1. What are the DSSP H helices in the chain that stretch 24 Å or more along their long axis, judged by alpha-carbon atoms, and whose average Kyte-Doolittle hydropathy comes to at least 0.5?
2. Using Cα-only point scatterers and the Debye equation, what is log10 of I(q)/I(0) for the chain at each q in 0.10, 0.17 Å⁻¹, rounded to two decimals?
3. Order Tyr127, Tyr173, most accessible first, counting only protein heavy atoms with a 1.4 angstrom probe.
4. At 222 nm, what helix-only mean residue ellipticity would the chain give, in deg cm²/dmol to the nearest 500, using -39500 (n - 2.57) for each DSSP H run of four or more?
5. Once you put a point 7 Å from the Cα of Arg91 and another 7 Å from the Cα of Ala76, both along the Cβ direction, what distance in nm separates them?
6. About its Cα centre, what dipole magnitude does region 47-148 give when the only charges are +1 on Lys and Arg Cβ and -1 on Asp and Glu Cβ, stated in debye to the nearest 20?
7. Just the accessible area for Arg125, please: 1.4 Å probe, Å², rounded to the nearest 10?
8. Which of the peptides 26-39, 50-63 is most tightly packed, and how do the rest follow, judged by the mean count of other Cβ atoms within 10 Å per residue?
Amino acid sequence: MRILMAGLSDIGSRRDLNEDSWLCAELPGPAFLLAVADGIGGHAAGEVASAAAIETLRAVTAERLTAAGAAPDLAAVLEEAFLRANESVFRQSSQTEHLNGMGTTMVAALIAGERAAAANVGDSRLYFVRDKAASQITADHSWAAEQARAGLLTEADVSRSPFRHMVTRSIGYAAALAVDTFVLDLRPGDGLLLSSDGLFGPLEAKDLLKPFRRKKHPEDICRALVRAADKAGSRDNITAVVALVGRP
């Protein structure tokens, strides 16, 4: 199937530095890799962590796809790439004083043919758009979200919690890492949205869906989403990566 993809990142109106990184790349297979990483650590450290994680993700995914040949296990490829990214960021954080404590969230999707795999660590998200509905595929690794899944907080409580952005998993925080993976079957007309919390945080699901209904090109969808998040008062960097599935 034909894949159209684009990404856009904006510093937002409340930050002095953009610590988000993103990726849209065509890899051997052919396959398509999309990712968003939201750096943690402040100053330059978050920016370093997100950029390093994205670059390692791209390099390892390309390497594994080349080695695997036909019909690779996309979820396994992504999981290995996330683990290698964690090793890279953790090593830099441990060996360089001014980078101590840095980390990053990351969400990625790997598309090959009619299949896609996704993986995430932290609270950057993947939404799947089909038949005029948007579904959140990933689960946030944050204190507030985990309390909600345990039935200890309501969704309203989560939106008001001062700990809603406190992530419980991140790339680079520790030597060991648990990665969530997902598998999707694709068909023409489907869309994927990968985003940092600066994008989805101030918006409702219907706001995320509107540009997919009104725009035909990923670049236009990204621009509309970033503008909407900024207008809604986002307090963070704002990043969107969009893929649209078309007929061959």
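The values are calculated or read from the model by the stated rules, or taken from the named source; none is laboratory data. Fair warning: this is a prediction, and the values are worked out from it, not measured in the lab. Glycine also receives a Cβ, built like all others from the backbone with ideal geometry; neighbour counts cover every protein chain displayed. For accessibility, only protein heavy atoms count, side chains too; no ligands or nucleic acids. Shrake-Rupley method; radii C 1.70, N 1.55, O 1.52, S 1.80 Å.
1. Details: long enough: 45-68 (34 Å, 0.58); 74-95 (32 Å, 0.01).
Correct list, ordered by number: 45-68.
2. -0.44, -1.30
3. Solvent-accessible surface, decreasing: Tyr173, Tyr127.
4. Values: 7 runs with 87 residues, N = 248.
About -11000 deg cm²/dmol.
5. 2.4
6. Details: 8 positive and 13 negative charges, 53 e Å.
That gives a dipole near 260 debye.
7. About 40 Å², ignoring ligands and nucleic acids.
8. Working: 26-39: 23.5, 50-63: 21.9.
Averaged packing, sorted descending, gives the order 26-39, 50-63.
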